[in-house]
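Colleague: Below you will find the structure I want to go over with you.
Values in this text are rule-based calculations from the coordinates and carry no lab data. Note that the coordinates shown come from a computational prediction; the quantities given were computed from them, not determined experimentally. As a convention, Cβ positions derive from the backbone with ideal geometry for all residues, glycine included, and neighbour counts pool all protein chains shown.
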Amino acid sequence: MKLFRCSSLSKLMGDAQSIAQDLRTEEIEALIKKRKRSDDENSIIEQLKNQSLSDTAKSEIRTIVKEDLTTFRSFKGNQYTAKGNALEEIAIDLSGKVRFRKLTKHSGRVNNDFITGECDVLDLDRKLIIDTKCCWDIGTHPFFQDEAQEKAKKAGYDWQMQGYMWLYDCEVAEVDFWLLPCPIELTNDWDDRDQLIDLVDKIDLRERLTTVRYERDESMIQKINDKIPHAQAYYEKLYQERIKARVAA
């Protein structure tokens, strides 16, 4: 079965507005039509909605199928992701220094029956995962805690970290947002290098880190466990549809 990346979980886990057709038995249809339902009946409806795929989830799965069947990539990166990749080791080293220990990049993808993932830093002694993010400039860096939490949620890191904690059997995951000077080779002639490099350097390093902490949430992990089998089934349906079309052609 298809294993979905933890980075895709936020798009897959959105709440569906209605129960999927393949989950609608005659009994469930009758339950849906009831004007007044008991708490147990409402719980059944809610559980079935949790298992159903949202439009966003279906769109994401379609994209994944297209990528798996071809060399197409919906996102090939940009100068923002290039900066993050170029400075990843520096960010990890700094994340270790602020915690007064030596951190190194983790290598090794982990899977279960539903998802796959590879975190940046794995500290099994502390049951801790750390992921580093390098922001492009002062404007995009979350200096404030509520800003960082909003940025992390918008990027889907809440679900991604729960996926990692499930895979690695950890209790805490921390996302470190770092603001570091941009490597000059990643800038263009029209970029304001003073703002991207010099202005950043003038800010104390300790002020250029904002951390968002997530604790293991078994209810979120259970939702992943409930929904991903349906995502896998939808993926397989679409995949086989294209394979059969190829054979017919």
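Colleague: Using 0.36 nm times the number of residues separating GLU150 and ALA245, minus their current alpha carbon distance, what extension gain do you get?
Modeller: 29.9 nm
Colleague: Mind checking the range 182-249 for trypsin sites (Lys or Arg not before Pro) that DSSP puts in a loop (not H, G, I, E or B) and that have at most 10 other Cβ atoms within 10 Å?
Modeller: LYS202
Colleague: What angle, in degrees between 0 and 90 and rounded to the nearest 10, separates the Cα long axis of helix 55-69 from the longest principal axis of the Cα atoms of the chain?
Modeller: Helix 55-69 and the main axis of the chain meet at about 80 degrees.
Colleague: Does anyone have the angle between helix 218-248 and the longest principal axis of the chain? Alpha-carbon axes, 0 to 90°, nearest 10?
Modeller: Approximately 80 degrees, to the nearest ten.
Colleague: Another question, then. Using the beta-carbon distance between ASN78 and ALA30 and R0 = 45 Å, what value does 1/(1 + (r/R0)^6) give for FRET efficiency, to the nearest 0.05?
Modeller: Using R0 = 45 Å, I get an efficiency of 0.30.
Colleague: Take the residue pairs LYS76/LYS151; LYS66/LYS127; LYS33/LYS223 and return only those whose Cα atoms are more than 28 Å apart.
Modeller: In this structure, LYS66/LYS127 lie more than 28 Å apart at Cα.
Colleague: By how many degrees, 0 to 90 and rounded to 10, does the Cα axis of helix 157-168 deviate from the longest principal axis of the chain?
Modeller: 80 degrees
Colleague: Moving on to the next point. On full extension of the chain, what length is gained from LEU124 through ASP93, given 0.36 nm per residue of separation minus the C-alpha to C-alpha distance?
Modeller: Extending this stretch completely gives an extra 9.4 nm.
Colleague: With a cap of 12 neighbouring Cβ atoms within 10 Å, and only residues DSSP puts in a loop, list the chymotrypsin sites (Phe, Trp or Tyr not before Pro) found in the range 1-109.
Modeller: Answer in residue order: PHE72, PHE75, PHE100.
Colleague: Of VAL110, VAL98, how do they rank once you tally other Cβ atoms within 10 Å and put the fewest first?
Modeller: Fewest-to-most ranking of VAL110, VAL98: VAL98, VAL110.
Colleague: Mind sorting LYS83, LYS76, LYS97, LYS49 by how few other Cβ atoms lie within 10 Å of their own Cβ, fewest first?
Modeller: Fewest-to-most Cβ neighbours within 10 Å comes out as LYS76, LYS97, LYS49, LYS83.
Colleague: What's log10 of I(q)/I(0) for the range 1-103 at q = 0.13, 0.20 Å⁻¹, Debye sum over Cα points only, no solvent?
Modeller: -0.73, -1.06
Colleague: When Rg is the radius of gyration of the Cα atoms in the range 79-221 and Rh is its Kirkwood radius, what does Rg/Rh come to?
Modeller: 0.99
Colleague: Out of the DSSP beta bridges found with both residues in the range 79-221, what percent are antiparallel (nearest 5)?
Modeller: Within the range 79-221, antiparallel bridges account for around 60 percent of the total.
Colleague: Calculated from DSSP H runs of 4 or more alone, at -39500 (n - 2.57) each and per residue, what is the 222 nm mean residue ellipticity of the chain, nearest 500?
Modeller: Estimated from H runs of four or more residues: -14000 deg cm²/dmol.
Colleague: Provide the percentage of antiparallel DSSP beta bridges, counting only those with both residues in the chain; round to the nearest 5.
Modeller: Looking only at bridges with both residues in the chain, the antiparallel portion is about 55 percent.
Colleague: Still on this model: What is the projected area of the convex hull of the Cα atoms of the chain, averaged over all directions, in nm²?
Modeller: Projected over every direction and averaged, the Cα hull of the chain covers 18.1 nm².
Colleague: Using a 10 Å cut-off around each Cβ, can you sort TRP190, TRP136, TRP159 from fewest to most neighbouring Cβ atoms?
Modeller: Starting with the residue having the fewest Cβ neighbours, the order is TRP190, TRP136, TRP159.
Colleague: Please sort 182-188, 166-172 by packing, taking for each peptide the average over its residues of neighbouring beta carbons within 10 angstrom, highest first.
Modeller: 166-172, 182-188
Colleague: If the label point is 7 Å along Cα→Cβ of ASN225, which residues in the range 1-37 have backbone nitrogen under 12 Å from it?
Modeller: none
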